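Please read the structure below before turning to the comments.
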Ligand SMILES: [Zn+2]
């Protein structure tokens, strides 16, 4: 059930019987020369749709909220098309959205986060909501990290715009993937280095993995 498709009287009924809202959260940012800028939102949106179907099959309901497209993405901001929202503004915005759902009566807020850079602001925003609404629980799901072992049982490597993300977009929005441009490799730094143009070094062309082994089949497993 999608929030944006409901009328307000429908919503008013739904909120009395449904206690969980799922909010896909992403980022508009460079994903190599081969993936669309909306990659980090396309993936959680698809997962949310499948969660909705699966929960319905089990005879229960969740509300799927419209996605938050823009996120906090400092590192990739050296590439055109990356639209970075500062950490404080993003945290405040997410807090504002979550507290509205809490005030409407939802007791479990699930953040399906497709973008690593959102992690710290989301934790801080969720903590503020938890302070304000002690009976509300926020689930922060960063599946690329939380389910790394599962991802690596399907893909031989993982990384930004890499084999895993490219596979998912091949499965859900294949018309947007330019596989002929899918190249890259792993760049690493043992310590976290924060520098204005560090993205050029750590994410050459906006990639941090080899995406060439991506397939739609792997993507289907990853987004299920
Ligand atoms: Zn991504």
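The values are calculated or read from the model by the stated rules, or taken from the named source; none is laboratory data. Every value quoted in this text rests on a predicted model; they were computed, and no experiment measured them. Here the Cβ is made from the backbone with ideal geometry for all residues, glycine too, and neighbour counts use every protein chain on show.
Please tell me if residue 10 is away from the ligand (no atom under 16 Å from the Cβ) and either in a helix (DSSP H, G or I) or free of Cβ contacts under 8 Å to residues at least 60 places away in the same chain (or both). The answer is yes for residue 10. Before we move on, is residue 81 surrounded by fewer than 20 Cβ atoms within 10 Å (Cβ to Cβ), more than 16 Å from the ligand (Cβ to nearest atom) and within 19 Å of the chain's Cα centre (by Cα)? No; evaluated as a whole, the condition is false for this residue. With respect to the conditions (1) more than 22 Å from residue 6 (Cβ to Cβ); (2) within 16 Å of the ligand (Cβ to nearest atom), residue 91 lacks only one, and its number is (2).
Of the listed requirements (1) at pLDDT 95 or above; (2) assigned to a loop (DSSP other than H, G, I, E, B); (3) exposed (fewer than 12 other Cβ atoms within 10 Å of the Cβ), residue 180 misses just one: (2). Here residue 175 clears all of (1) more than 23 Å from residue 62 (Cβ to Cβ); (2) more than 16 Å from the ligand (Cβ to nearest atom); (3) in a loop (DSSP other than H, G, I, E, B) except the condition numbered (3). Tell me whether region 166-179 contains one or more residues that are without any contact (Cβ under 8 Å) to a residue 24 or more places away in the chain and within 21 Å of the chain's Cα centre (by Cα). The answer is yes; a qualifying residue exists. Within region 17-43, the set of residues being more than 10 Å from the ligand (Cβ to nearest atom) and either closer than 21 Å to residue 125 by Cα or assigned to a strand (DSSP E or B) (or both) comprises 19, 20, 21, 22, 23, 24, 25, 28.
Of all the criteria given as (1) farther than 19 Å from residue 24 by Cβ; (2) without any contact (Cβ under 8 Å) to a residue 12 or more places away in the chain; (3) surrounded by 14 or more Cβ atoms within 10 Å (Cβ to Cβ), the one not satisfied by residue 55 is (1). Residue 106: modelled with pLDDT of 95 or more, in a loop (DSSP other than H, G, I, E, B), more than 14 Å from the ligand (Cβ to nearest atom) and buried (at least 20 other Cβ atoms within 10 Å of the Cβ), yes or no? For residue 106, the condition - modelled with pLDDT of 95 or more, in a loop (DSSP other than H, G, I, E, B), more than 14 Å from the ligand (Cβ to nearest atom) and buried (at least 20 other Cβ atoms within 10 Å of the Cβ) - is met.
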